[in-house]
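**Student:** Once you've had a glance at the structure underneath, I'll fire off some questions.
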Amino acid sequence: MEEEFKHYTVMKNEAVEALEPKDGLIYLDGTLGGGGHSELIAQKISPNGRLISFDIDDVAISYAKKRLEPYKNVTIVKRGYQEFDRVLKELNIEKITGGMLLDLGASYYQLTSKTRGFSFSSDTKLDMRFNTSQDFSAYDLINTYSEEELADVFYYYGEERYSRRLAKNIINSRNVKKIETTTELCEIIKKSLPYKNSRTNPATRIFQALRIEVNGELRNVEETLKKVVPFLSNGAKIVVITFHSLEDRIVKKIFKELSTEKSLPQGGFEPKILELVNKKPICPTDEEIKENPPSRSAKLRIARKV
């Protein structure tokens with residue numbers, strides 16, 4: 001039985017208002033998801049603007065295609081947003097004249113799906129792939145990475161202090177039998193990490209770390225933000241919504257680097273490329289957090305090409 005696709009568009013109005021969509025310009029939605037942001041952008045840039053929306057999740061694309069069917073100015077591509085430059089070349093587009101929106105992280109559907117292996121609350125096969133056509137999954141990671149590699153993933157992407165203990169216990173367990181399900185992994189996490197009275201399930205950070213590694217999330221964000229700037233017309237914007245500190249740190253760092261004049265060895269300055277629209281991130285309203293509690297960790301940052 002096919003699961004119902006449920007999706008909540010986080011900070012929909014704030015993100016689209018930050019982008020300032022205008023009729024006649026070209027925009028990119030790097031993370032289509034349920035199509036909430038794309039639909040609002042398409043409405044505001046009709047009839048002469050153009051929107052290219054990216055996603056690698058077949059279920060999300062199928063759902064969003066129906067939602068966006070009325071808008072003939074939207075092109076949906078099954079590619080990761082980090083491939084935007086190749087897609088623009090294929091579409092004979094030289095410049096992003098309006099801007100690019102990135103709503104990072106997993107969707108509500110992915111996180112709550114009983115078949116995709118993102119959640120530790122369901123007993124399912126370890127998976128965690130955004131793109132189900134991709135070969136490499138959380139199962140492969142858990143059962144093939146060395147002890148050192150596993151520890152690094154948990155430490156750097158999950159900020160887990162006991163990463164080495166957990167990695168060692170995973171290796172010991174898989175030497176007896178392959179670790180195949182979320183429940184099997186959770187049992188090892190529970191025995192390895194001393195957080196008996198923690199308000200947050202210790203598996204939360206570990207599952208986040210696995211998801212980031214399986215999908216190359218942080219690498220994709222960093223590469224894309226650095227790569228997109230030459231494609232932006234002056235005045236075009238980059239709008240990014242992050243959901244955890246690791247993502248936000250990368251966005252903040254790159255925006256700061258590109259919005260700072262740099263002194264040159266031979267004298268003079270290299271001009272800044274971006275201008276920060278908001279120095280402090282915009283956060284969801286109390287009303288939105290009440291309606292959709294997972295949105296409480298969202299942060300929105302905006303920069304403009306100069």
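The values are calculated or read from the model by the stated rules, or taken from the named source; none is laboratory data. Everything numeric here is computed off the predicted structure, so don't read it as measured data. Note that we place each Cβ from the backbone using ideal geometry, even for glycine, and neighbour counts take in every protein chain shown. When the accessible area is computed, the model is the full protein with side chains, heavy atoms only, and any ligands, DNA or RNA have been set aside. Shrake-Rupley method; radii C 1.70, N 1.55, O 1.52, S 1.80 Å.
**Student:** Taking into account only those residues within the stretch 109-130 that are surrounded by fewer than 16 Cβ atoms within 10 Å (Cβ to Cβ) and part of a loop (DSSP other than H, G, I, E, B), which is modelled with the highest pLDDT?
**Tutor:** Here the answer is D123.
**Student:** Would you say S295 is more than 22 Å from G98 (Cα to Cα) and either open to solvent by less than 70 Å² (accessible area, probe 1.4 Å) or in contact (Cβ under 8 Å) with a residue 24 or more places away in the chain (or both)? Before the answer, list the steps.
**Tutor:** Values: more than 22 Å from G98 (Cα to Cα): yes; either open to solvent by less than 70 Å² (accessible area, probe 1.4 Å) or in contact (Cβ under 8 Å) with a residue 24 or more places away in the chain (or both): yes.
Yes; evaluated as a whole, the condition is true for this residue.
**Student:** What pairs can you find where one residue is in the stretch 48-75 and touching a residue at least 60 places away in the same chain (Cβ under 8 Å) and farther than 12 Å from S38 by Cα, the other is surrounded by fewer than 18 Cβ atoms within 10 Å (Cβ to Cβ) and of a type in the set (D, E, K, R), and their Cβ atoms are less than 8 Å apart, with a gap of 6+ or different chains?
**Tutor:** That search, which allows pairs on different chains as well, returns I56/K78; I56/R79; D58/K78.
**Student:** Looking at the stretch 80-93, is at least one residue crowded, with 19+ Cβ neighbours inside 10 Å and aliphatic (A, V, I, L, M)?
**Tutor:** no
**Student:** Taking helices (runs of 4 or more DSSP H) that fall entirely within the stretch 36-108, which contain at least 1 residues that are more than 16 Å from the chain's Cα centre (by Cα) and among the small types (G, A, S)? Before the answer, list the steps.
**Tutor:** Details: elements: 36-45, 58-67, 84-90.
Hits in the stretch 36-108: 36-45, 58-67.
**Student:** Failed condition for Y145, given (1) aromatic (F, W, Y); (2) closer than 25 Å to R249 by Cα; (3) open to solvent by less than 90 Å² (accessible area, probe 1.4 Å); (4) modelled with pLDDT of 95 or more, with all others met?
**Tutor:** Unmet condition: (2).
**Student:** Run S62 past the list (1) among the polar types (S, T, N, Q); (2) at pLDDT 95 or above; (3) surrounded by fewer than 24 Cβ atoms within 10 Å (Cβ to Cβ) and report the number of the one that doesn't hold.
**Tutor:** Going through (1) among the polar types (S, T, N, Q); (2) at pLDDT 95 or above; (3) surrounded by fewer than 24 Cβ atoms within 10 Å (Cβ to Cβ) one by one, S62 breaks only (2).
**Student:** In addition: Please verify whether the stretch 263-273 includes one or more residues that are under 22 Å from the mean Cα position of the chain (by Cα) and not small (G, A, S). Spell out how you get there, then give the answer.
**Tutor:** Keep residues of the stretch 263-273 that are under 22 Å from the mean Cα position of the chain (by Cα), which gives none.
The answer is no; no qualifying residue exists.
**Student:** Sticking with this one: Which members of the stretch 224-266 meet the condition of being in contact with a helix residue (DSSP H, G or I) (Cβ under 7 Å, 6 or more places away or on another chain) and of a type in the set (D, E, K, R)?
**Tutor:** K226, K227, K237, E247
**Student:** Report, ordered by the first and then the second residue, all pairs with beta carbons closer than 9 Å, sequence separation of six or more or different chains, a first member in the stretch 84-99 that is β-branched (V, I, T), and a second member that is assigned to a helix (DSSP H, G or I) and open to solvent by less than 80 Å² (accessible area, probe 1.4 Å).
**Tutor:** Correct list of pairs: I93/V87; I93/F231; I96/F84; I96/L88; I96/V228; I96/F231.
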